[in-house]
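A.B. asks: This structure is in structure tokens; I'll ask about it shortly.
Just so it is clear, none of the values below were taken in a lab; they were calculated from the coordinates. Treat the numbers as computed from the prediction; the structure is a model and nothing was measured. Cβ: placed from backbone, ideal geometry, glycine included. Neighbour counts: every protein chain shown.
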Amino acid sequence: MARPRDEELFIVEGAPRTPVRDLYHVFLRVPGWVSLAMIVVGLVALNVLFALIYVVIGGVAHARPGSLMDAFFFSVQTMGTIGYGAMYPETTLANAVVAVEALTGIVATAVATGLIFAKVTQSTSRINFSELAAVSPMDGVPTLMFRVGNERGNLVMDAQLRVVVAKTVTTREGTLMYRMLDLKMVRDRTPALTRTWTVMHHITPDSPLYGMAPEDLEEHEVELMVTLVGTDDTTLLPVHGRARYEAKDIRYGHRLADVLDLLPDGRVRVMLQKFHDLVPAEPVAWATASESAPTRTEP
């Protein structure tokens with residue numbers, strides 16, 4: 001089953017409704033074909049509106065009286081400044097409506113052009129995150145790790161990554177609340193992100209994850225929120241990426257599969273087919289011990 005998007009996880013009540021004010025953001029967020037459909041529907045609706053006015057007031061030469069089709073085609077020709085001349089306004093009222101429609105058409109064309117330009121030039125990223133995170137010893141230290149890569153094949157310059165762990169805690173007053181804590185990464189930035197980058201966090205006693213076994217992650221509803229920001233070296237535009245790992249997505253006693261292989265001729269082969277793969281590794285001591293595990297006091 002597909003993982004729900006972040007905005008689908010919450011039911012928001014009491015928020016002010018601003019559909020018109022936020023329409024621009026909706027336009028930029030929806031797929032390209034939906035954006036194009038929105039523009040087409042808007043222009044057609046404008047022409048239908050003016051066509052209805054022409055049907056009511058008349059005054060269009062060579063248009064059949066009461067014909068919405070003729071009035072619609074005349075409106076399209078007017079708004080699009082086509083001007084075939086087969087139909088034209090012949091009364092003062094019809095000329096006035098044509099003048100209003102001509103001005104409306106100029107504004108509508110300018111708005112549509114601006115929206116399309118904003119959509120086409122919108123910075124998009126193809127930052128890929130491994131489907132699962134793993135926890136296993138690294139140099140004797142329990143380490144959380146996951147993989148990040150750039151699917152485009154070019155470089156994301158000065159990529160900076162941040163990881164926050166969210167989990168439920170109970171205060172001394174007995175209040176249950178969500179707490180968000182930063183995870184200190186072994187390396188939280190790279191000068192040039194290419195196909196693959198293994199991100200690691202050492203689970204030392206000062207880590208929010210220290211002493212937590214898989215069942216503890218479920219109990220405390222642990223969730224990792226990852227964000228990445230960088231600059232595309234081709235377009236020089238900022239790119240963003242984000243991922244979310246729930247407790248069930250963190251596998252103890254596993255590590256990321258090797259994706260780099262040194263060939264005899266000295267070249268390095270990157271096996272992206274293994275990007276999401278995990279392999280068994282040495283288990284974390286406290287995650288398998290049946291006795292008491294290390295504990296830490298919540299701040």
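A.B. asks: What is the pair-distance distribution P(r) of the range 23-120, computed from all Cα-Cα distances in 5 Å bins starting at 0, with each bin given as a whole percent?
C.D. replies: That works out to 2, 14, 23, 21, 13, 11, 8, 6, 2, in percent per bin.
A.B. asks: Name the residue, out of Gly85, Gly140, Gly230, whose mean-square fluctuation peaks in a Gaussian network model built on the chain with Cα pairs under 10 Å.
C.D. replies: Greatest mean-square fluctuation among the candidates belongs to Gly85.
A.B. asks: How much FRET efficiency would the formula 1/(1 + (r/R0)^6) give for Val164 and Ala112, where r is the Cβ-Cβ distance and R0 is 35 Å, rounded to 0.05?
C.D. replies: Working: r = 40 Å, r/R0 = 1.14.
So, using R0 = 35 Å, E works out to roughly 0.30.
A.B. asks: Once you've got the GNM for the chain with C-alpha springs shorter than 10 Å, pick whichever of Pro280, Pro208, Pro16 has the biggest mean-square fluctuation.
C.D. replies: The residue that fluctuates most here is Pro16.
A.B. asks: Now, a different point. Which whole number of Å³ per residue matches the convex hull of the alpha-carbon atoms in the range 127-288?
C.D. replies: Considering the Cα atoms of the range 127-288, their hull volume per residue is 124 Å³.
A.B. asks: Net charge within 12 Å of Ser35 by Cβ-Cβ distance, Lys/Arg positive one each and Asp/Glu negative one each, not counting Ser35 itself?
C.D. replies: Here the count lands on +2.
A.B. asks: Also: Count the lysine pairs in the chain whose Cα atoms sit under 22 Å apart, keeping only pairs 8 or more residues apart in sequence or on different chains.
C.D. replies: On the way: Lys167/Lys184; Lys167/Lys248; Lys184/Lys248; Lys248/Lys274.
Final tally of qualifying lysine pairs is 4.
A.B. asks: Order of Trp197, Trp33 from fewest to most other C-beta atoms within 10 Å? Please list the in-between numbers first.
C.D. replies: Numbers: Trp197 18, Trp33 8.
Ranking Trp197, Trp33 by Cβ neighbours within 10 Å, fewest first, gives Trp33, Trp197.
A.B. asks: Next question, about the same structure. List every residue whose amide H lies under 5 Å from the amide H of Val239, counting only residues 5 or more places away in sequence or on a different chain, with H placed 1.01 Å from N in the peptide plane.
C.D. replies: Gly230, Thr231, Asp232
A.B. asks: Pick from Met271, Met145, Met177 the residue whose mean-square fluctuation is largest in a GNM of the chain, springs joining Cα atoms under 10 Å.
C.D. replies: Largest GNM mean-square fluctuation: Met177.
A.B. asks: Separate question: Along the charge dipole of the chain, Cβ charges K/R +1 and D/E -1, which of Pro238, Ala99, Val26 sits furthest on the positive end?
C.D. replies: Ala99
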